[in-house]
Amino acid sequence: MPKVTIDGKELEVEAGVSVLQACEQAGVEIPRFCYHERLSVAGNCRMCLVEVSPGPPKPQASCALPVSDGMEIKTDSEMVRKARNGVMEFLLINHPLDCPICDQGGECDLQDQAVAYGYEGSRYDENKRAVKEKYMGPLVKTIMTRCIHCTRCVRFSSEVAGVDSIGLLNRGEHAEISTLEEAIHSELSGNVIDLCPVGALTSKPYAFTARPWELTKTESIDVMDAQGSNIRVDARGNEVLRVLPRLHEEINEEWISDKTRFACDGLSRQRLDRPYVRGEHGKLAPVDWGTAFSTVADKIKSLEGKRIAALAGDLACIESMFALKELMHSLGCPNLDCRQDGAKLSAKDRAGYIFNSGIAGIDEADSLLLIGTNPRVEASVLNARIRRNWFTRGLPIALIGEPSDLTYDYEHLGSNLDSLRALSDGTHSFAGVLSASDKPMLIIGMGALTRADGEAILAMAKKVSDVHEIVTDDWNGFNVLHTAAARVGGLDIEFVPANGGSDIDEIQTKAQSGEIGLVYLLGADEVNMDGFGDAFIVYQGHHGDAGAHRADVVLPGAAYTEKPATYVNTEGRVQMAARATFPPGEAREDWAVIRALSGVLNHPLPFDTLDELRVNLRNSYPSMLALNSLTASKWDEFEPNEGNVDPAPLTNIVSNFYMTNSITRASETMAQCTEELGVNALKATGTNG
């Protein structure tokens with residue numbers, strides 16, 4: 001390890017690090033605009049200048065200079081101060097004086113560093129350069145006169161997002177960042193807003209809405225997909241104004257998808273804010289809570305437990321599912337299901353329904369097989385990790401399923417399951433790649449598992465894992481990629497048929513025949529509502545979506561930003577979300593609604609507060625105590641049933657990235673994205689490397 005001296009202090013650093021990184025390790029702040037630790041080094045803003053000896057008697061860019069043994073670095077000499085003053089003066093020559101109206105104001109790197117490293121006045125008397133605003137789509141607002149050409153947005157789009165939408169045109173004084181007047185066709189485009197160190201790229205939906213010091217900031221968890229990205233919810237009063245990423249190296253690093261970031265306007269539209277009961281003329285009419293509960297209670301009391309069913313939706317939290325499960329079991333109801341898409345996954349085999357390697361394990365994989373999944377639209381930030389491994393290490397990737405543009409090259413092994421069968425027999429050409437790998441990985445998605453033969457496909461995937469040693473003593477590369485935030489948690493607490501109960505398909509069949517007379521939908525909107533026949537439907541949720549339109553009784557609940565709640569992501573990591581705002585009108589937290597209903601039914605649940613509920617939950621399921629950690633699953637106990645496989649090709653289950661749940665369907669911003677970028681904008685024909 002080379003020894004370097006930084007401002008008179010000697011320390012050892014890792015070989016190959018840059019001077020800037022060495023200074024950070026020493027606790028010395030180096031200003032920068034173009035440098036970002038997750039992007040390639042550009043070295044074009046020159047703000048990180050330091051004095052280095054031995055070397056030429058001039059300041060040098062620390063981001064692009066590797067350390068060497070015996071190097072002496074000065075970060076606060078007269079030469080450095082003068083150089084940084086000069087760089088800042090040049091950067092501000094053409095920058096407009098519009099900080100009072102800039103959305104970046106208060107969160108601007110340029111403001112902070114101008115105060116710390118710039119001159120107190122300007123000596124520039126010439127006309128400033130003005131640049132025409134560029135069109136980048138419905139999400140990113142541009143005021144390119146502010147741009148300092150750090151090229152962070154260019155490098156992010158090409159290296160992380162995997163699209164060539166943004167580039168730098170011309171040279172010198174005529175240089176401009178541009179998309180050639182096209183929208184950015186990426187599901188991660190909003191991250192350039194966070195990356196931009198000035199106010200050149202800002203949020204178009206949030207433009208001129210609020211100042212950062214007006215907002216209440218709440219750390220929470222995203223539910224737009226099953227990845228469980230860590231987010232910060234910024235609200236003013238009782239309205240969520242924006243969602244930003246929160247750093248979590250093992251899950252989302254510092255990125256979030258556009259759906260996570262921009263769908264928050266759907267939280268204030270088409271909301272259920274009072275109970276409703278369907279009247280004599282077939283129309284829903286507002287009622288008070290007592291009337292709604294008594295209507296539900298009268299219907300439930302007229303039915304045997306086996307004639308009642310309950311379904312949990314994709315956005316349901318652990319607490320509400322646990323409360324509903326306890327209530328249904330107290331009524332003698334065995335018909336529960338959290339798999340509203342019909343996924344053939346057993347709650348008994350945890351190794352068979354989680355992302356066993358962990359999301360961070362993608363960085364270690366040296367071969368990858370995708371089965372029935374399009375991770376670009378099902379888990380966008382996870383897909384960026386796959387791309388990084390392919391981009392930096394040449395990860396060999398194969399896909400069995402519908403071809404799509406995944407932003408990286410892959411070998412398409414066909415859309416049917418003949419290739420998977422050949423891989424399980426060891427006769428396919430890609431079998432050699434898996435067998436020769438130290439850490440092979442398999443990711444199976446809902447495009448395979450939601451089919452009628454899903455369990456047979458799962459068994460075949462397990463056979464591939466056993467044949468090619470995808471699972472060993474120190475590595476488990478067998479991964480299931482979910483699309484629903486509630487799915488793993490629902491399976492963990494066994495919100496599935498019990499004692500001969502019916503699953504989603506059987507519930508709908510029995511509802512049509514009259515065997516099931518009441519179905520309780522806990523935010524379940526992705527089900528075919530026509531499949532329930534004449535059954536009495538109780539819908540508890542937060543948006544007037546498909547479930548509320550079909551319901552006979554509507555009980556208003558809370559959205560994910562309006563309640564303290566627990567979620568389990570696709571890798572089985574238990575995470576806690578916090579309340580940022582309160583539910584509108586008469587809506588209440590979901591567990592509290594179920595607890596109140598249990599009292600009316602004379603089957604009161606054994607808890608009156610959220611803390612008491614969580615004590616009961618954790619006593620029943622100790623895995624819920626392991627917050628923000630991964631626990632190894634028991635692979636030897638995972639034995640899916642083999643069966644016949646349908647020759648029909650696998651298809652992707654997400655047809656429109658921007659509208660996958662009731663919140664996104666209520667979002668005006670997501671509607672604009674769907675209209676402007678197109679339903680299939682991210683589903684184009686992919687590359688077959």
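The values are calculated or read from the model by the stated rules, or taken from the named source; none is laboratory data. These numbers were taken from a predicted model, which means no experiment stands behind them. Using ideal geometry, Cβ is built from the backbone for each residue, glycine included, and neighbour counts are taken over all protein chains shown. Note: accessible area is taken over every heavy atom of the protein model, side chains too, but ligands, DNA and RNA are not part of it. Shrake-Rupley method; radii C 1.70, N 1.55, O 1.52, S 1.80 Å.
Here region 162-316 is treated with +1 on each Lys and Arg Cβ and -1 on each Asp and Glu Cβ, and its dipole about the Cα centre works out to around 1000 debye. Packing here is the average count of other Cβ atoms within 10 Å per residue, and on that basis the peptides 559-569, 76-86, highest first, run 559-569, 76-86. Between residue 391 and residue 285, full extension at 0.36 nm per residue minus the direct alpha carbon distance yields a gain of 32.5 nm.
Summing Lys and Arg as +1 and Asp and Glu as -1 over all other residues whose Cβ lies under 9 Å from the Cβ of residue 219 gives a net charge of +3.
Mean residue ellipticity, 222 nm, helices only, the chain: the sum of -39500 (n - 2.57) across DSSP H runs of n ≥ 4, divided by residue count and rounded to 500, is -7000 deg cm²/dmol. Between residue 549 and residue 159, take the C-beta separation as r, use R0 = 35 Å, and let me know the FRET efficiency to the nearest 0.05. E between residue 549 and residue 159, to the nearest 0.05, is 0.20. The magnitude of the dipole of region 119-215, with charges of +1 and -1 set on the Cβ of Lys/Arg and Asp/Glu and taken from the Cα centre, is near 160 debye.
For region 480-624, the solvent-accessible area with a 1.4 angstrom probe is 32 square angstrom per residue. Placing +1 on the Cβ of every Lys and Arg and -1 on the Cβ of every Asp and Glu, with nothing else charged, gives region 451-553 a dipole about its Cα centre of roughly 120 debye.
Quick check: from the Cα gyration tensor, does region 502-604 come out rounded (a/c under 1.5), prolate or oblate? Judged from the Cα gyration tensor, region 502-604 comes out prolate (a/c at least 1.5, a/b above b/c). Spin-label model, residue 639/residue 53: points 7 Å from Cα along the beta carbon direction are separated by 7.5 nm.
Overall, the accessible surface of the chain at a probe of 1.4 angstrom is composed of carbon and sulfur to the extent of 48 percent. Bridges between two residues of the chain, per DSSP, are antiparallel at a rate of about 55%.
The residues of region 269-336 expose on average 42 square angstrom of accessible surface per residue, using a 1.4 Å probe on protein heavy atoms.
Entry note, the chain: relative contact order of 15 percent, from Cα contacts under 8 Å with a spacing of 6+ residues.
Judged by the ratio a/c of the largest to the smallest principal axis of the C-alpha gyration tensor, the chain counts as prolate, that ratio being 1.5 or greater while a/b is larger than b/c. Annotation for region 177-272: GluC sites (Glu not before Pro) lying in DSSP loop with at most 13 further Cβ atoms inside 10 Å of their Cβ are 181, 182, 249.
Take every Cα pair under 8 Å whose residues are at least 6 apart in sequence, average their separation, divide by the length of region 1-96, and the relative contact order is 32 percent.
The aspartates and glutamates whose alpha-carbon is closer than 15 Å to the alpha-carbon of residue 82, local same-chain residues fewer than 8 away aside, are 51, 120.
Within the set 132/217; 306/634; 217/563; 306/348, which residue pairs have Cα atoms separated by over 24 Å? Beyond 24 Å: 132/217; 306/634. Summing +1 for each Lys or Arg and -1 for each Asp or Glu among the other residues whose beta-carbon sits under 14 angstrom from that of residue 502 gives -2. Mean separation of Cα pairs under 8 Å and 6 or more residues apart, divided by the residue count, gives region 246-337 a relative contact order of 18 percent.
Using 0.36 nm per residue and subtracting the Cα-Cα separation, the extra length available between residue 620 and residue 90 on full extension is 184.4 nm. For residue 241, neighbours were defined as the other residues whose beta-carbon sits under 10 Å from its Cβ, and their charges (Lys and Arg +1, Asp and Glu -1) total -2.
Scoring 108-121, 470-483 by mean Cβ neighbours within 10 Å over their residues and listing the highest first yields 470-483, 108-121. Sorting the segments 361-368, 6-13, 499-506, 625-632 by their residues' average number of neighbouring beta-carbon atoms within 10 angstrom, most packed first, yields 361-368, 499-506, 6-13, 625-632.
In plain terms, the chain from residue 97 to residue 7 could stretch by 28.9 nm, reckoned as 0.36 nm per residue minus the Cα-Cα distance. Taking a straight line from the alpha carbon of residue 299, these aspartates and glutamates sit under 19 Å away, with near neighbours fewer than eight places off in the same chain left out: 280, 288, 326, 515, 534, 552.
A straight Cα-to-Cα reach below 28 Å connects residue 301 with the lysines 283, 325, 510, residues fewer than 8 places away in its own chain not being considered.
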